[in-house]
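The values are calculated or read from the model by the stated rules, or taken from the named source; none is laboratory data. Since the structure is predicted, the reported quantities are computational estimates derived from the model, not experimental observations. All Cβ positions, glycine included, derive from the backbone under ideal geometry; neighbour counts span all protein chains shown.
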Amino acid sequence: MSTNKVKDPIKVFISSKCDGKYREMRKRLSKLINDSPLMCSICYEEEGSRSVISEEFYINHVKSCDVCLFIIDNEDGISTSVLKENDAAKKHNKKCLYFFCTENSSDRTQLQEDLNAKEKYSEIPVFDQIPEIVIESIAGDIIHYYRYRNSDIVDYKISDINTDKYSSTILDISKRI
């Protein structure tokens, strides 16, 4: 399958801490997103120099994206930047997917408590599995949304999702006959 991008791919904003163990995870996740013909990632550290302060820069990206991914390791807690990105996403009615790593702490964050009554989130038991689990969730969410919006018109399915840690993701969407 060709990995040429569709004309107007879905813009996916990645929100998490950026330093330490998060750097490699974000890099892997961004690659998986960008390898898909349907999506492109917005990842703060991959952007070049800018003339605006960091907070203005990432909040503007939240405003312009189609979906926000929030990735939190419960052991590390939630940074102020991630909270601001979440507030901006909610204020601008962005689609959001939430992922909480429970590898070293199963203590629920305040954000999990707040989401519990309103939105489904994923708990990921191993930090290194985050990129693959997130990309599968994005693909599933896209298909669910498409089916919901057009359920009486066309029925589509995911026939294959292939991921490996350092390679591409291929979304093969085919019409059911």
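Some points to look at:
- When we screen Ile143, Ile130 for residues that are closer than 23 Å to Asn34 by Cα and at pLDDT below 95, the only hit is Ile143.
- Total residues in the range 101-123, condition closer than 20 Å to Ile142 by Cα and not basic (Lys, Arg): 4
- Just one of the numbered conditions (1) closer than 16 Å to Ile14 by Cα; (2) surrounded by 18 or more Cβ atoms within 10 Å (Cβ to Cβ) is not true of Ser122: (2).
- Among the residues making up the range 28-86, those that are among the basic types (Lys, Arg) and surrounded by 14 or more Cβ atoms within 10 Å (Cβ to Cβ) are Arg28, Lys31, Lys84.
- Of all residues making up the range 94-120, the number that are at pLDDT below 95, in a loop (DSSP other than H, G, I, E, B) and not charged (D, E, K, R): 3
- Any hit, the range 48-62, residues being of a type in the set (D, E, K, R) and in contact (Cβ under 8 Å) with a residue 40 or more places away in the chain: no
- Being free of Cβ contacts under 8 Å to residues at least 40 places away in the same chain, under 20 Å from Tyr121 (Cα atoms) and basic (Lys, Arg) is a description that does not apply to Lys5.
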